[in-house]
Amino acid sequence: MSFFSQLFSNHILWTSIFACFLAQFIKIFTGKEKRFELSRIFMSGGMPSSHSSFVTCLSTLVGIYRGFDSIEFAICTVFALIVMYDASGVRRAVGKQAAILNKIVQDLQHKKHIEHETLKELVGHTPKEVICGAILGVIIGILMS
């Protein structure tokens with residue numbers, strides 16, 4: 001089998017990618033303003049976490065196909081936990097720092113005519129967003145197995 005044939009027939013990969021895109025699609029309906037925002041489909045952060053959906057779907061499918069006691073499942077699960085920790089911890093902290101820096105920039109702009117680019121504040125996820133993304137990934141993995 002050729003590389004591309006194998007790649008395009010990888011059910012676990014494409015189902016995991018689908019879970020990621022589904023989470024991104026759901027975000028257009030779950031913004032803070034509770035209104036339809038098509039631009040949110042391209043943004044990081046928000047409900048649900050597409051990172052969590054992606055990696056939990058992968059782990060679920062590997063567990064189903066290779067066994068929940070397999071080395072492959074263990075590797076995917078460790079990988080998923082690291083990604084979800086990063087999404088809710090490190091990236092969330094970066095978002096909070098961006099909010100503070102944006103406030104400083106706004107304060108400077110009111111006193112002086114200095115232009116600064118504002119930073120993207122919606123970078124990380126709340127624990128609730130990560131959990132919802134993880135649940136979505138598991139559900140997609142089970143339904144599509």
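The values are calculated or read from the model by the stated rules, or taken from the named source; none is laboratory data. The structure presented is a predicted model; accordingly, all values stated were derived computationally and were not measured. Note: ideal-geometry Cβ built from the backbone for every residue, glycine included; neighbour counts use all protein chains shown.
For Ser53, indicate whether it is touching a Pro at 6+ places or on another chain (Cβ under 6 Å) and under 19 Å from Pro127 (Cβ atoms).
Considered against the rule, which asks whether it is touching a Pro at 6+ places or on another chain (Cβ under 6 Å) and under 19 Å from Pro127 (Cβ atoms), Ser53 comes out as no.
Here's the yes/no breakdown for (1) under 17 Å from Phe21 (Cα atoms); (2) modelled with pLDDT of 95 or more:
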{"position": "Glu33", "(1), (2)": "no, no"}
{"position": "Ser39", "(1), (2)": "yes, no"}
{"position": "Ser44", "(1), (2)": "yes, no"}
{"position": "Ser50", "(1), (2)": "yes, no"}
{"position": "Phe68", "(1), (2)": "no, yes"}
{"position": "Ala74", "(1), (2)": "no, yes"}
{"position": "Val83", "(1), (2)": "yes, no"}
{"position": "His110", "(1), (2)": "no, no"}
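Which residues, taken from the range 7-29, are among the small types (Gly, Ala, Ser) and either in a helix (DSSP H, G or I) or touching a residue at least 40 places away in the same chain (Cβ under 8 Å) (or both)? Explain how you work it out, then say what you get.
Step one: filter the range 7-29 for residues among the small types (Gly, Ala, Ser), giving 9, 16, 19, 23.
Across the range 7-29, the qualifying residues are Ser16, Ala19, Ala23.
Can you go through Ser44, Ser52 and tell me which one is part of a loop (DSSP other than H, G, I, E, B) and in contact (Cβ under 8 Å) with a residue 60 or more places away in the chain?
So the residue among Ser44, Ser52 that is part of a loop (DSSP other than H, G, I, E, B) and in contact (Cβ under 8 Å) with a residue 60 or more places away in the chain is Ser44.
Given (1) on the phi < 0 side of the Ramachandran plot; (2) small (Gly, Ala, Ser); (3) modelled with pLDDT of 90 or more; (4) exposed (fewer than 14 other Cβ atoms within 10 Å of the Cβ), identify the lone condition not met by Ala19.
Every condition holds for Ala19 apart from (4).
Residues of the range 53-67 being closer than 20 Å to Asp86 by Cβ and in contact with a Ser or Thr (Cβ under 7 Å, 6 or more places away or on another chain), which ones?
Selection gives Phe54, Cys57, Leu58, Ser59.
Do we find that Ser39 is part of a helix (DSSP H, G or I), farther than 24 Å from Met144 by Cα and out of contact with any Lys or Arg (no Cβ under 9 Å at 6 or more places or on another chain) in this structure?
On the way: part of a helix (DSSP H, G or I): yes; farther than 24 Å from Met144 by Cα: yes; out of contact with any Lys or Arg (no Cβ under 9 Å at 6 or more places or on another chain): yes.
It is true that Ser39 is part of a helix (DSSP H, G or I), farther than 24 Å from Met144 by Cα and out of contact with any Lys or Arg (no Cβ under 9 Å at 6 or more places or on another chain).
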